[in-house]
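Worksheet: the structure to be examined is printed underneath.
The values are calculated or read from the model by the stated rules, or taken from the named source; none is laboratory data. What you are looking at is a predicted structure, and each value in this text was computed from that prediction instead of being measured. No Cβ is skipped: glycine too gets one built from the backbone with ideal geometry, and neighbour counts run over all protein chains shown. Protein only, heavy atoms only, side chains kept; ligands, DNA and RNA dropped before computing areas. Shrake-Rupley method; radii C 1.70, N 1.55, O 1.52, S 1.80 Å.
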Amino acid sequence: MNKTALITGASRGIGAAIARKFGSCGYNLAICCHNSIDKLQSLAGELHNLYGVEVLCFQGDVGDYAFAQEMVQKTLAHFGHISVLINNAGISHIGLLGDMSIEEWNNIVSTNLTSVFSFSKLVIPGMVEAKSGRIIQISSVWGNVGASCEVAYSACKGGINSFTKALGKELAPSGIAVNAIACGVIDTDMNKCFDEDERRELADEIPAGRFATADEAADMAYSVATAPAYLTGQIITFDGGWI
Ligand code: NAP
């Protein structure tokens, strides 16, 4: 049976790199995006041509439970199983908490945190039946320590970290591992708000002396996905020694 990975937010950045990594390792894929459907479909074509894997594309809002249901149901109907779920889709919000509207708060919570609940809940029955599976969240160091002017983002990632520890305990008896990767600075669109001087200053703060590439984060996700299931409930910090 071919392995199948469902990756949220795979049109760009870390999610696209994770799709490339899993595709290159022979996984069939279900991938989604919110707006960049052309990029997503072009990635799907690239991976099919390079590695002969099947790639299903979906467009919608991961914060919408009905979209998560549709994506998981269609993936299961097509491939029969999901071996790995990567909860990657996320957005940032930079600004003082006092300036944040309730609509902005609800949007970041549904995109970054509720999506992790929805996709995890929906893949669990199949994984429990198979007595195997891997759930990996792409979290952030701000979920470990909190960041000024990123309170909502930090709260979501902190929530993801606790969710991971708790669900890891709940699913270990079923042979399913649940882990999170708390990323430092990865060179993607999410950091395009920084100008050249700010990028240099930030890189200087990181003992490794640079941002990580999305490919390095993808290699990390693949390592966690292929580790023994005894590795579970962990928040693995991937930050070049930064925090
Ligand atoms: P990115 O380059 O901005 O890409 C975000 C991806 O998520 C895109 O594919 C985007 O789709 C998708 N997405 C966003 N909102 C969505 C929604 N509501 N529904 C469906 N898809 C949605 O971000 P990235 O840097 O790769 O970040 C990926 C993950 O890593 C996020 O969870 C982020 O918090 C985490 N992370 C990143 C860093 C970093 O330094 N980059 C550090 C720590 C943690 P569209 O293209 O359609 O918008």
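In percent, how large is the relative contact order of the chain, given Cα pairs closer than 8 Å and 6 or more residues apart?
Details: 481 pairs, mean separation 48.2, N = 243.
In percent, rounded to a whole number, it is 20.
GNM, the chain, Cα, under 10 Å: largest mean-square fluctuation among 23, 52, 184?
Looking only at 23, 52, 184, the biggest GNM fluctuation is shown by 52.
Per-residue accessible area for residue 220 at 1.4 Å probe radius, Å² rounded to 10?
50
Any chance you could give the angle, 0 to 90 degrees and rounded to 10, that helix 13-24 forms with the longest Cα principal axis of the chain?
The helix 13-24 is inclined about 30 degrees to the chain.
Provide the FRET efficiency to the nearest 0.05 for the residue 215-residue 109 pair, computing r from the beta carbons and using R0 = 30 Å.
Working: r = 29 Å, r/R0 = 0.98.
Efficiency, rounded to the nearest 0.05: 0.55.
Considering every Cα-Cα pair within region 1-138, what fraction, in whole percent, is farther apart than 26 Å? Each step should come with its number before you reach the end.
Details: 2001 of 9453 pairs.
Of the Cα pairs, 21 percent sit more than 26 Å apart.
Relative contact order of region 133-203: what whole-number percent is it, with Cα pairs under 8 angstrom and at least 6 residues apart?
37
Using the Karplus equation 6.51 cos²θ - 1.76 cosθ + 1.60 (θ = phi - 60°), what ³J(HN,Hα) coupling, rounded to whole Hz, does each residue of region 234-242 give in order, writing x for Gly and Pro?
Working through the residues one at a time gives 9, 10, 9, 7, 10, 9, x, x, 6 Hz.
Read phi for every residue in region 88-95 and hand back ³J(HN,Hα) as whole Hz from Karplus 6.51 cos²θ - 1.76 cosθ + 1.60, θ = phi - 60°, with x for Gly and Pro.
10, 3, x, 10, 10, 8, 10, x
Using a probe radius of 1.4 Å on heavy atoms only, what accessible surface per residue do you get for region 4-238? Whole Å² is fine. Intermediate results must be reported in sequence, preceding the final value.
On the way: 10600 Å² over 235 residues.
Heavy-atom SASA per residue in region 4-238 reads 45 Å².
Report the relative contact order of region 1-128, percent, no decimals, based on alpha-carbon pairs under 8 angstrom and at least 6 residues apart.
Numbers: 201 pairs, mean separation 34.8, N = 128.
Result for region 1-128 is 27 percent.
So how tilted is helix 115-130 from the main axis of the chain? Cα-based, degrees 0 to 90, rounded to 10.
So the inclination is approximately 30 degrees.
What is the angle, in °, between the Cα long axis of helix 37-51 and the longest principal axis of the Cα atoms in the chain? Nearest 10 is fine, range 0 to 90.
The answer is roughly 60 degrees.
Looking only at Cα atoms, what is the convex hull volume of the chain per residue, in Å³? Could the numbers behind the result be given before it?
Numbers: hull volume 29.3 nm³, N = 243.
Once divided by residue count, the hull of the chain is 121 Å³.
Mind putting together the pair-distance distribution for region 123-243? All Cα pairs, 10 Å bins, whole percent per bin, short to long.
With 10 Å bins starting at 0, P(r) equals 14, 39, 31, 13, 3, 0.
Tally up the carbon and sulfur contribution to the accessible surface of the chain as a whole percent, 1.4 Å probe, everything protein left in place. It would help to have the intermediate numbers written out before the result.
Working: 5790 of 11260 Å².
The C+S portion of the solvent-accessible surface of the chain is 51 percent.
Straight-line reach only, C-alpha to C-alpha below 25 angstrom: list the lysines that residue 169 could link to, leaving out same-chain residues fewer than 8 apart.
Output for residue 169: 3, 121, 131, 157.
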